[in-house]
Structure formats: structure tokens, C-alpha cells
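**Q** The structure's right below; bear with me while I get my questions together.
Where a number appears in this text, it was derived from the coordinates with a stated rule and is not lab data. Please read these numbers as outputs of a predicted model, since none were measured by experiment. Using ideal geometry, Cβ is built from the backbone for each residue, glycine included, and neighbour counts are taken over all protein chains shown.
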Amino acid sequence: MFAVVFILHVRFPKAGIFVDSFGPVPARCFSWAHMADVPQVPTLSIPEVKLSSSSGGRNMPVIGMGTAADPFDETALKEAILEAISVGYRHFDAASLYKSEKPLGEAIAEAIKFGFIASRDELFITSKLWCTDAHPDLVLPALKNSLRMLQLEYLDLYLIHWPLSAKPGKIGFPVPKDEQLAMDFNSVWAAMEDCLRFGLTKSIGVSNFSCKKLENILSFATIPPSVNQVEISPLWQQQKLREFCKSKNIVLTAYSPLGAKGTRWGTNEVMDNETLKEIANAHNKTVAQVCLRWAFEQGLSFVVKSFNKERMRENLQIFDWGLSLDDHKKINEIKQHKTASIAGWSWYWLPSDNTLYRTPF
């Protein structure tokens, strides 16, 4: 079990700059240099989950902003991250694959400069090891490169992106079949543990790992994974995996909790689901808010992406109301199938479920 705690973040804008908590990005900030007192601007209270003792008992904000953009626009991503920080987001999920580390690092530097946050320590930054670097001798250099791109001295969480290695070289997606390799889990995880011991990351974990692959890691890990980030939504609830991770004190983080609508790998099925629409209407909420509230009530953390500041706000406004038992019953009865993840491309870049590389969740 993991505890949920509430932290009220308060920003103290630097003299000469004031940014409304629901305001615009820095390019549109206005000066308060003529005022004697710079106001203190509170942001929203966001719950946090306590990670395992192997991570020093660190807290991770329940909701994070995802940075996997499709199509990728570095300037738009950077501005969206600044907007997200200004409205209260403190957890950002990046990856070398996403090419988002550089704009995220620049946004963090500007957020400090403009007084959105006092220091990098107010943020929880996650990044991921890509398949081409999932080799024992490449893990540490890959993390150091991520830190260089982010302009940071450490990560809060470093994840193995997929339970798959690939021929070393250019980071890309999909991974051609002839470049896919079975991962040396023992040696790669040992290198991840070294990253933590060297102080380059505060926590380590995995992503897209099945129960079977987690069992494998746990059988030899000196430092067990704190987090497993996988696709979870009301249409793909992953009950077996959730129960397993709970029993092992591994926090589950849901990606694509809204179905990744609007991306090449996503679907509209979650947002267009009639059951979820009915529940949303009953609570005068959006379908997105219902999905995120459901995830929260399941004890999950989650990452969600939006470049629209109104939706950014809406996605944070899920902590002061709740779903009924009847709502949960209806959601539990939704027919289950994979919605987003990489389902549409699995035939190309991931071998079938009965191979060394991937097992069913």
C-alpha cells in the first residue's frame, strides 16, 4: 500500500514579475515592478503518492503532464510546459524517445527565471531509457545525456521505457524487427541501480512491464522498481496488473488514461464512451475528469497531456468530488480492450505475446 498526502504548492514570484495562477505563459506576463509588494499566489493542492522505501520514501504528484507530442513541435511544447507550471503542475513525464527533454529543461530554467517556481526541487521530473540504450554499458551514459538535455543534476524517476532492447544507435520508433534484441534484464537493472547509487536519479522503475517481467526483476533486484508506467483507462483497466503491483508496493502510473485521442497511436473510444458520458453529465463534469477521478480512486498516479490551458485546469479539478459506488459499478462493466498504447503498431515493432520480449498483462 502507498500513502496519499496533500501538498499545497505556493509560488513566490520574483520582484518585478507576477503571474496569475491560471494565467498565460511568460511571453505575455506583465510587470509589477512599480508595486511595493509582490503578491503570493497559491496554486492548487495536488495529492502525492509515497514511493517505496527504496526511493527514500519520496513523494510523487499523482498527476503529471505527459510530453509525448504528436506531431512534435518544440516551441509549442516548451510554452505548454510553462503554462502547466503556471497553473500548478509539478510532475513532468519525459523520455529520450519523445525529444522532449530539451524543451522541458528550457522551460524549467525559464520557470525559475520568471518566478513560477523557486527552484528545480519543486518539480518531479521523470524520464525514460530507450531500447537502443537498454544495454548494461549504455544505461549510465544515456541518463547523463538526458540530464544534459534537461539541464538538471538529477532526475526524480528514471524508467526503462520498454522490456525490450534494440541495436545501439539512433533513437527512433518504431523499432525495426531486425534490430530488436532480448533484454539482459539482470545487467540492465543493475546499471539502473547504479544510476540511483550515483545520485543521478532519486528513484528507478519500469514501463510497459507485465506481471511476469516484474516477477523476473524482483527475483534479483537489490533495489526494486518503485513505479511501473503502463496504459490504463476505464476501457483497459488492467485489474490483474494493478493487484500484483499493489501486493509488491509498486506504484502504477497510467499513461493514455483518456485514450490518447488525437494521436496516431490513440483512439476516441474512451472520450466517446456512452457510459462515461452518462456519468460525466450526472456530475456536471467532463469525460476526461471522470476518467482521471476514476484513476485517482483506484490508487493510481497518471500522466495526461494537453496544450490547452483550459483543459490543463480541468484536469487538475478532480480532487474535490467523488464517484459513487454505482458509478464504479458501471465503469467496471465497460467492455475491456486495449485502446491506445501502441496497439495499432504492435504487429510491426513488437513481437507477439509469446516471445522473449513481451508477455500479456
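**Q** Any idea what log10 I(q)/I(0) is at q = 0.23, 0.25, 0.27 Å⁻¹ for the stretch 52-125, Debye with uniform C-alpha scatterers and no solvent?
**A** -1.04, -1.17, -1.30
**Q** Counting other Cβ atoms within 10 Å, keep those with at most 10, restrict to DSSP loop, and tell me which GluC sites (Glu not before Pro) in the stretch 109-198 are left. Mind dumping the intermediate values first?
**A** Numbers: sites: GLU110, GLU122, GLU153, GLU179, GLU193; in loops: GLU153.
Passing sites in the stretch 109-198 are GLU153.
**Q** I'd like the distance between the alpha-carbon centres of the stretch 184-222 and the stretch 85-144, rounded to an integer number of Å.
**A** Cα centres, the stretch 184-222 to the stretch 85-144: 19 Å.
**Q** While we're on this one: Please compute the modelled spin-label separation between ALA76 and LYS277, points set 7 Å along Cα→Cβ, answer in nm with one decimal.
**A** Each label point lies 7 Å from its Cα, and together they span 2.6 nm.
**Q** While we're here: For the stretch 152-217, what is one quarter of the convex hull surface built on the Cα atoms, given in nm²?
**A** Working: hull surface 21.1 nm².
That works out to 5.3 nm².
**Q** Skipping prolines and chain starts, which residues have an amide H placed within reach, meaning under 5 Å, of the one on ARG58, given they are 5 or more residues away or on another chain?
**A** Those lying under 5 Å, H to H, from ARG58 are LEU51.
**Q** Any of LYS177/LYS338; LYS99/LYS170; LYS128/LYS309; LYS113/LYS309; LYS99/LYS144; LYS212/LYS248 with alpha carbons more than 18 Å apart? Name them for me.
**A** Details: LYS177/LYS338 22 Å; LYS99/LYS170 12 Å; LYS128/LYS309 26 Å; LYS113/LYS309 21 Å; LYS99/LYS144 15 Å; LYS212/LYS248 13 Å.
Distance filter (> 18 Å) returns LYS177/LYS338; LYS128/LYS309; LYS113/LYS309.
**Q** Right, another one. When the gyration tensor of the stretch 70-228 is built from Cα positions, what are the square roots of 5 times its three eigenvalues, in whole Å, from largest to smallest?
**A** Numbers: eigenvalues 156, 64, 34 Å².
After scaling each eigenvalue by five and taking roots: 28, 18, 13 Å.
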